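Colleague: Structure provided below as structure tokens; questions to follow.
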Amino acid sequence: MIIAGLVFAALGAAIHVYIFFLESIAWTGPAARRTFGTTDATVDITKPFAFNQGFYNLFLAIAVFLGIVFVATGSTAVGATLVFVGAGSMVAAGLVLLLSDRSKARAALIQLAAPLIGVVLLAIGLAV
């Protein structure tokens with residue numbers, strides 16, 4: 001269960017690295033515009049916000065990846081803590097998005113599903 005939990009947490013982290021790329025690097029490009037529904041009128045106004053938000057996503061992903069490394073090298077308590085904090089924050093942010101704007105349900109589920117499964121499986125694996 002621990003390995004499965006880490007795999008799902010890593011998948012969630014990879015998704016958040018991609019979100020970082022879209023928000024902080026490719027915000028004005030076609031993929032980000034499609035994903036976030038920005039227009040010529042909104043893309044420049046929202047660019048500073050998106051740039052900052054992208055880094056939040058990157059930092060959460062880094063926490064999860066570092067946690068996986070710590071678990072893999074035998075520092076289970078430190079690693080699991082990092083995974084729970086990073087992936088748990090991804091889940092919480094996805095819930096905020098879902099509850100604040102139901103039209104973003106698909107995006108919220110993409111953001112929170114893999115880390116949620118990772119957190120649950122890791123917790124079960126550590127409990128047994």
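The values are calculated or read from the model by the stated rules, or taken from the named source; none is laboratory data. Model, not experiment: these values are computed from the prediction. Backbone-built Cβ (ideal geometry, glycine too); neighbour counts: all protein chains shown. Just so you know, the surface numbers come from the protein's heavy atoms only, side chains and all, with ligands and any DNA or RNA stripped out. Shrake-Rupley method; radii C 1.70, N 1.55, O 1.52, S 1.80 Å.
Colleague: For the chain, what is the charge dipole size about the Cα centre, in debye to the nearest 20, if Lys and Arg each add +1 at the Cβ and Asp and Glu each add -1 at the Cβ? Please report the intermediate quantities before stating the final value.
Modeller: Values: 6 positive and 4 negative charges, 40 e Å.
So the magnitude is around 200 debye.
Colleague: In whole Å, what are the extents of the chain along the principal axes defined by its C-alpha atoms, from largest to smallest?
Modeller: 53, 27, 18
Colleague: In addition: For the range 53-118, what is the Kirkwood estimate of the hydrodynamic radius, computed as the reciprocal of the mean inverse distance between distinct Cα atoms, to one decimal in Å?
Modeller: Numbers: mean 1/r = 0.0825 Å⁻¹.
Averaging 1/r across every pair of different Cα atoms and inverting gives 12.1 Å.
Colleague: Right, next: At 222 nm, what value in deg cm²/dmol follows for the chain if DSSP H runs of at least 4 each add -39500 (n - 2.57) and the sum is divided by all its residues, to the nearest 500?
Modeller: Values: 5 runs with 107 residues, N = 128.
Value at 222 nm, helices only, nearest 500: -29000 deg cm²/dmol.
Colleague: From the protein chains alone at 1.4 Å, what is the descending order of accessible area for THR81, THR73, largest first?
Modeller: Numbers: THR81 80, THR73 100 Å².
Output order, biggest surface exposure first: THR73, THR81.
Colleague: Mark the label point 7 Å from the Cα of PHE49 along Cα→Cβ and return the residues of the range 87-128 whose backbone N is within less than 20 Å of it.
Modeller: Residues passing the 20 Å test: 93-109, 111.
Colleague: Something else now. Tell me the carbon and sulfur percent of the accessible area for the range 51-128, rounded to whole percent, probe radius 1.4 Å. Each step should come with its number before you reach the end.
Modeller: Values: 3180 of 4250 Å².
Ligands and nucleic acids excluded, carbon and sulfur reach 75 percent.
Colleague: Can you tell which of VAL7, ALA31, ILE19 lies farthest toward the positive end of the dipole of the chain, using +1 and -1 charges on the Cβ of basic and acidic side chains (Lys, Arg; Asp, Glu)?
Modeller: Value computed over the given set: ALA31.
Colleague: Tell me which of LEU95, PHE70, ASN57 sits at the most positive position along the dipole axis of the chain, charges placed on C-beta atoms (Lys, Arg +1; Asp, Glu -1).
Modeller: Towards the positive end, the residue furthest out is LEU95.
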